[in-house]
Structures are given as structure tokens and as C-alpha cells.
1. Would you tally the residues in the stretch B:192-205 being assigned to a loop (DSSP other than H, G, I, E, B) and either over 12 Å from the mean Cα position of the chain (by Cα) or free of Cβ contacts under 8 Å to residues at least 24 places away in the same chain (or both)?
2. Which one is farthest from residue B:167 (Cα to Cα), of the residues in the stretch B:33-54 that are modelled with pLDDT under 90 and in contact with a strand residue (DSSP E or B) (Cβ under 8 Å, 6 or more places away or on another chain)?
3. When you go through (1) away from chain A (no Cβ under 12 Å); (2) surrounded by 24 or more Cβ atoms within 10 Å (Cβ to Cβ) one by one for residue B:25, which number turns out not to apply?
4. So is residue A:449 within 30 Å of residue A:207 (Cα to Cα), out of contact with any strand residue (DSSP E or B) (no Cβ under 7 Å at 6 or more places or on another chain), surrounded by 13 or more Cβ atoms within 10 Å (Cβ to Cβ) and at pLDDT below 85 or not?
5. Which of the residues belonging to the stretch A:193-224 are out of contact with any helix residue (DSSP H, G or I) (no Cβ under 6 Å at 6 or more places or on another chain) and within 13 Å of residue A:92 (Cα to Cα)?
6. Can you name every residue in the stretch A:525-539 that is surrounded by fewer than 10 Cβ atoms within 10 Å (Cβ to Cβ) and in a helix (DSSP H, G or I)?
7. Run down A:359, A:266 and say which single residue is more than 14 Å from every other protein chain (Cβ to nearest Cβ), closer than 23 Å to residue A:438 by Cα and either within 26 Å of the chain's Cα centre (by Cα) or at pLDDT 80 or above (or both).
8. Do we have residue B:126 as closer than 30 Å to residue A:30 by Cα, more than 24 Å from the chain's Cα centre (by Cα) and assigned to a helix (DSSP H, G or I) here?
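The values are calculated or read from the model by the stated rules, or taken from the named source; none is laboratory data. Quantities reported herein were computed from a predicted structural model and do not represent experimental measurements. Every residue, glycine among them, receives a Cβ derived from its backbone with ideal geometry; neighbour counts consider all protein chains shown.
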């Protein structure tokens with residue numbers, strides 16, 4: 001007779017406990033997230049900043065709620081006519097939270113990785129529901145305390161304790177129902193993004209397009225218009241009726257008890273949500289992977305590790321080298337050509353990194369309507385574009401040459417490649433692409449701007465020099481402060497980007513050089529700075545002193561690229577894995 | 001969408017073996033990962049599963065652990081079809097090549113988590129966890145975060161969580177990978193103990209002496225197909241008739257023979273004859 005292996009055979013045991021086990025999954029998931037959040041001083045600092053910001057808003061909101069409550073109690077305020085607006089506002093918040101839950105689930109929270117690879121231990125329903133439950137608690141961690149603080153202030157103002165209970169209950173219901181709808185939706189979106197061959201193939205382009213559309217909608221004010229247009233229709237939906245529940249029993253407000261009851265009954269959405277979440281998770285987590293796509297964090301976990309494993313490179317096979325590499329090798333030698341094409345290949349296969357290089361453009365998008373509305377391109381725009389192109393050149397290829405090597409770094413160090421070759425190749429990779437861009441983009445802007453022809457020609461002539469100087473400085477900064485760990489760009493895309501120190505150092509260098517150049521070139525700018533300094537320090541600062549300081553600074557900054565390049569070469573030749581921080 | 005033949009559990013019934021497959025096949029597009037695999041492994045057996053890199057071993061293990069859906073054919077774990085995931089997973093423990101563990105948890109927290117999900121009563125779980133931690137020299141580090149663990153420690157933790165709830169069937173993918181000789185010995189002893197308690201071990205590894213020492217039956221997979229299956233002594237004695245005398249020689253012989261046959265069948269003459 002076979003021994004009893006100690007496992008319960010009956011399904012009833014499992015069914016009886018699945019909610020408790022989901023709670024265990026949620027608890028462990030929250031513990032992991034919390035430990036990830038406090039894993040480094042930087043992350044703690046960001047958390048403290050965010051909590052401070054939330055605290056400030058909560059304090060301001062609490063004061064406003066107290067004042068409103070007081071005005072209501074005194075009969076100085078009649079909000080009954082505005083109740084639809086409140087309903088629309090609450091419904092908009094619900095839609096926003098649902099959208100956030102969808103995006104998070106479509107990212108890492110609904111991934112195979114989030115299951116911890118333990119789908120062989122327990123039912124899909126247990127893990128999927130547990131992960132969704134963790135999301136509910138995560139939302140509540142952010143919104144419950146502020147909501148209670150606001151409701152207490154409002155209750156004090158209005159002179160009734162009821163809002164504390166009703167607002168608290170409403171917050172719980174809003175968080176639960178929004179995640180209940182958003183989580184399965186997000187896992188479904190993730191399934192489409194990662195398991196449909198066509199979508200997977202063009203996912204990066206689609207994500208970039210979506211990102212640009214989002215920023216475009218924000219910067220042009222379209223998003224605000226859409227939200228404003230949705231408030232009224234949303235106030236008519238059951239999501240708006242959470243406002244009736246929150247304000248139920250508040251003196252002076254004519255809420256609908258029936259709508260409040262319906263709002264509570266919306267909790268029933270949890271039942272179909274558990275069914276939908278389990279089904280979509282079953283479909284997604286156990287689906288065959290799409291082969292030949294770009295890197296995906298969960299592919300490692302879920303795809304077959306045998307012959308059909310890892311992503312494949314279409315096209316070239318065997319010993320043939322790209323035509324460009326052969327062409328370049330004729331001029332630079334094979335090691336340099338190999339390093340240059342290697343840098344391009346990495347950029348091409350991890351295009352998310354290029355999003356970082358284009359980051360300043362996102363900030364610029366907000367000014368586009370103003371520029372277009374102003375009837376022309378302002379004279380500072382070409383110089384600004386040149387700075388942005390130089391910044392992007394640094395980020396893309398020279399600001400993290402050691403980190404970009406990843407696991408290959410030991411082989412590169414031991415390959416016999418000299419420091420000059422290694423550093424020169426990264427600078428060359430950047431210049432080959434960015435010098436033409438640095439001439440065309442600022443040049444086109446200069447031609448369209450009111451800059452005189454002499455200034456335009458000067459800018460065109462200076463562009464290659466500026467980009468080269470930027471890259472030479474950047475490579476030294478990047479070699480001094482490499483980064484090997486990856487950051488999560490989106491839910492499923494991780495990429496190795498330059499370190500914060502490198503980003504900051506390079507940005508400061510470019511801005512300082514531009515400001516010093518401006519002060520040397522423009523008397524008006526010197527006078528403004530002299531006035532500012534005189535106001536700040538006890539002695540009078542003449543414009544001539546500003547010129548002298550800016551001149552010395554400019555000379556130092558202009559000499560920096562050569563020193564930086566030499567440092568980078570020496571650093572590579574003496575680098576060890578320990579000193580690189582790998 | 002209809003299930004692949006038999007995988008919905010409506011096909012022929014299992015004969016009650018620990019692991020059983022009938023024509024198990026997994027295809028990805030036009031690539032055959034596992035082809036027509038028939039396994040019949042009895043309770044308490046240690047089954048050594050060998051094969052070159054990319055031969056389909058990991059895919060087979062994922063099919064048996066319900067993590068992949070077969071394209072066709074059937075598989076049962078302890079008499080339960082793998083298509084019945086909730087019941088099948090109650091009968092198996094699994095150590096994948098990369099141990100599935102959360103870096104942010106401590107070793108003890110990870111094991112308690114798996115025990116909780118597997119319905120092991122808390123008191124029993126705590127006792128077993130402590131026993132295993134001591135057995136694998138992990139007790140002192142049990143309350144440290146896993147992110148600080150070495151590869152070997154992670155591997156040991158993965159093995160413990162695979163056997164923690166004493167399942168009747170345990171599938172181990174490269175269990176001794178990354179382990180020092182002492183830890184490897186502890187794993188081999190554990191496998192022996194489990195087999196003594198009638199637990200079936202499905203052991204995939206490239207370390208042939210481990211299979212030679214432990215396995216009751218050895219199966220060799222090549223290009224997704226089973227090319228040899230027998231007990232190790234029999235395999236070696238058969239091979240001794242030729243030039244082989246160790247399991248390594250047998251492995252090299254049967255996989256090379258299979259590859260040559262595959263190459264021949266791909267020649268224009270062979271293609272014309274098909």
C-alpha cells in the first residue's frame with residue numbers, strides 16, 4: 001500500500017481556504033513591495049517626499065473641508081444644486097483609479113513574474129485574487145488616511161460624526177470596485193501586448209506612440225477638456241452615486257438614499273471580477289510565448305527553455321558581418337568598428353533607453369502650443385535644441401559605457417582593447433549619429449527663427465564642436481559613475497540607463513557651459529546677474545566681475561572635455577570589476 | 001476552443017502509475033519541442049531524465065507540472081490528468097532550473113509562504129522547515145533576506161520548497177547545480193530518503209554520476225524524442241557490447257546515433273523517399 005503523503009486530497013479543503021490563501025498571497029506581495037520601496041536611501045527619500053506632498057494636500061484639504069462643513073451647518077452654503085458636480089467628480093476619481101489599476105496590472109502586477117513561479121503550488125484563482133487584493137490594499141494605503149482626515153475635518157465643521165463613517169466606507173468601496181474592474185482588464189491588456197505576435201512585434205513603437213499621445217494630450221490641454229466633458233455624463237452613472245453614500249446624512253445636503261444603497265451594492269462586482277480575473281490569468285500565465293519577440297521579463301519565466309527558447313535575431317547568420325561594420329573597420333580598425341556597431345545594436349534592441357535620451361523633448365512639448373501661438377520660433381530655440389541634442393547624444397551612447405557592457409564587461413576588459421579604442425569607439429558611435437542631427441535640427445530652427453544669417457552660420461559651425469565636447473565630457477562622467485543594474489521603464493521592460501550621478505553631472509556641465517557662454521556673449525545677461533548678485537551679497541558686484549568669473553568658468557569648462565577623455569581612457573585601462581561596482 | 005486530444009481528462013484512464021504519458025507532444029509553431037513521448041514511471045522510482053541541451057527536458061517537466069498545455073497526447077500525475085490542474089498540482093513538487101523564490105523575503109518566510117499555499121498546517125510546517133533548514137545548513141541564514149543568498153543557498157531553498165508538503169511526485173530540474181560537494185551529498189541523501197518513502201523522483205540533470213548513483217530507470221531524450229530507456233546497469237551492459245562502459249558513453253552514443261539518423265533523414269535522398 002502506498003503511504004499517505006500528507007496532502008489533502010479533497011477539493012473541499014482547498015475551496016474552503018482559497019480566500020485565506022489569497023490573503024496570504026496579498027500579504028506577501030505587499031511585504032515584497034514595501035521592502036522594494038525602502039531598499040535604498042533614494043527610494044526612501046522619494047517616499048518621504050511623496051508622503052510630505054500628500055500630507056500637505058491633506059492638510060489643505062482638511063482645512064477646506066472644515067470650512068465647507070462649517071458653512072453648510074450655518075446654512076451659508078447650498079450645495080444641493082451642485083450635487084451632480086460632486087457625483088461627476090467622484091466618478092472621475094473612480095475612473096482614474098480604475099485606469100491606474102489597469103495600467104499596473106498590464107505592467108508588472110499582472111505578470112507571470114508576480115506569481116513568483118509558484119503556479120504549481122496552488123490554484124490560479126488563489127494567486128490572481130491575492131495579487132488583486134494586494135492592489136486594493138496598496139490603493140488604500142495611499143488614499144484611506146487622507147480620506148479619513150478630510151472626513152474628520154468635515155464632520156467637525158458640519159457638527160455630525162456621520163461623514164467619518166460614510167466617507168470611510170465609500171473610500172473602501174471605491175478602492176475595491178475600481179481594482180476589481182481594472183485588474184482583470186489590465187491582465188487582459190497585458191495578454192494582448194505580450195502574447196499576440198503582431199502587437200508584440202510592434203509593442204515598443206506602440207508604447208512610444210501611446211506615451212507621446214499622452215504627453216501631447218496633457219500639453220495641449222486636450223486631456224483636461226476630455227475630463228471636463230466626461231464629468232457630467234459620469235455623474236449619471238452608478239460610479240457617481242458613491243458621492244450620495246459619502247454625503248449620506250450630512251445636514252444641508254439632499255442626497256439620494258437609494259443611490260447610496262446601489263453604491264454599496266456595487267461591491268457585488270467583486271464576484272464576477274474574481275471569475276474574470278481567474279479566467280484571464282489562466283489564459284495569460286499559461287499561454288505559449290510569442291517567439292522571436294523582443295525581451296520580456298516574464299518570457300524567461302514562462303517560455304520553454306529548450307530548443308525554441310530565447311529571442312532570435314532575424315536575418316544575418318554565420319560569420320558574415322554587417323556591411324556598415326566592414327566599411328567602418330576599413331577606417332577605424334576592427335575593434336573600434338565592432339564596439340561602435342555593438343553600441344548601435346544595443347540601442348536598437350533596447351529602444352526604451354532612447355526614451356531617456358529624448359526626455360527633455362517631453363518637457364519641450366508643453367511649450368509647442370505657445371511657440372506656435374506666438375507666430376514663430378523664438379531666437380533661443382535653436383541653441384536650446386542644440387543643447388537637447390547634445391544631452392541626448394550623451395545619454396544614448398557615452399554616459400554609461402561600462403554599464404552598457406553588462407555581463408560582457410570582463411570579456412571586454414580581457415580582450416586587449418585599449419582604453420583609447422574603447423572610449424573613442426563610444427564617442428564615435430555618438431558623433432556619427434548625432435553630429436548630422438546637431439546640424440540639421442538646430443540649423444532648421446535657426447533658419448526659421450529671427451536669428452541673423454551670421455549667427456545662424458556661427459551656430460551651424462559650432463554645432464559639431466559642441467556635440468563633440470559634450471560627448472567627450474560625458475564619457476568621463478559615465479566612466480566615473482557607471483550603472484549596471486536595470487531600471488523598470490514600463491511594466492515589462494527593464495533597461496540599463498546611466499546613473500543618477502552621471503545624469504546630474506552631465507546636465508550640470510551642459511547648463512553651466514551654456515550659462516557661462518551666454519554671460520560672456522551678452523552684456524544684458526551680465527547686468528541682470530550682477531544685479532541679482534548685488535541683492536544677494538553684502539558688496540556691490542559689477543558686471544565686469546561677472547564677465548571675469550564667467551570667462552574663467554568658460555575656459556575651465558571648455559578644457560574639461562580633453563581632461564575627461566583622458567580620465568576615461570585611464571579609467572578603462574585600470575578598471576576592475578570591484579572598482580566599476582559591477 | 002476544444003482541448004487537445006485527451007488533455008481534458010476525457011481520454012483513456014490512467015493505469016495509476018506515478019507519472020504516465022501517452023503520446024505527449026508539444027509544438028511551437030513549426031518547431032517540435034517534445035514528440036510522442038510515452039512515460040510509465042512507478043511509485044517510489046527515481047527516474048533519471050537525460051538529454052543534450054535543448055532536447056526538450058525542461059518542456060517535458062513543464063508539461064508534467066501543468067505549466068504548459070500539451071499540443072496533443074496525455075499526461076497523468078499520480079493518476080490525475082494534468083489538465084485537471086487543481087488536483088494534479090496537489091500531487092507534485094517542482095524545482096525548476098531557476099528556483100522560484102522572492103528575493104525580498106527571508107528564507108523562512110519563503111518556505112512558510114509555500115507551506116501556507118500548500119495547506120500544510122502551521123505547526124507541522126514550522127517543524128518541517130526547521131528540520132530541512134538544519135539538514136541543508138541553512139538554519140543560521142534562515143532569517144536573512146534571500147537577495148543575500150549564494151546560488152547554492154537559493155538552490156537548496158528551492159529543493160526544500162519542492163518537497164515541503166511531501167508530495168507523492170517530485171520533479172527536480174538540475175537539483176545539484178551550483179552546490180558544493182557537501183550540499184550535493186545532502187540532496188542525494190534527501191532523494192534517497194524520499195524514494196524510500198515511496199515518493200517518485202523525476203530527476204533531470206547533466207551530472208551523469210548523480211543519475212548513475214541514484215536512478216532506477218534512465219530515459220534519454222534527444223530532439224524531443226525518447227531515444228533510450230532502461231535501468232542504468234542494463235544500459236551500460238548493452239553498451240559494453242560496443243565500446244561504451246559508462247553512462248556517459250551511453251549518453252554520447254545514443255544521442256550521437258540519433259543525431260546522425262536525423263541528419264541522414266534530412267538528405268535529399270531521404271526526403272525523396274518519404
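1. Of the stretch B:192-205, the ones assigned to a loop (DSSP other than H, G, I, E, B) are B:197-199, B:205.
From what's left, either over 12 Å from the mean Cα position of the chain (by Cα) or free of Cβ contacts under 8 Å to residues at least 24 places away in the same chain (or both): B:197-199.
Going through the stretch B:192-205 one residue at a time, the tally reaches 3.
2. Of the residues in the stretch B:33-54, the ones modelled with pLDDT under 90 are B:51-54.
So of that shortlist, the ones also in contact with a strand residue (DSSP E or B) (Cβ under 8 Å, 6 or more places away or on another chain) come out as B:51-52.
On the way: B:51: 26, B:52: 28 Å.
Among those residues, the one meeting the criterion is B:52.
3. Condition not satisfied by residue B:25: (2).
4. Details: within 30 Å of residue A:207 (Cα to Cα): no; out of contact with any strand residue (DSSP E or B) (no Cβ under 7 Å at 6 or more places or on another chain): yes; surrounded by 13 or more Cβ atoms within 10 Å (Cβ to Cβ): yes; at pLDDT below 85: yes.
Answer is no for this residue.
5. Within the stretch A:193-224, just A:224 meets the criteria.
6. If we filter the stretch A:525-539 for residues that are surrounded by fewer than 10 Cβ atoms within 10 Å (Cβ to Cβ), which is where we start, we get A:535-539.
A:535, A:536, listed by residue number.
7. Details: A:266 fails: closer than 23 Å to residue A:438 by Cα.
Residue meeting the stated conditions: A:359.
8. Details: closer than 30 Å to residue A:30 by Cα: yes; more than 24 Å from the chain's Cα centre (by Cα): yes; assigned to a helix (DSSP H, G or I): yes.
When the stated conditions are applied, residue B:126 passes them.
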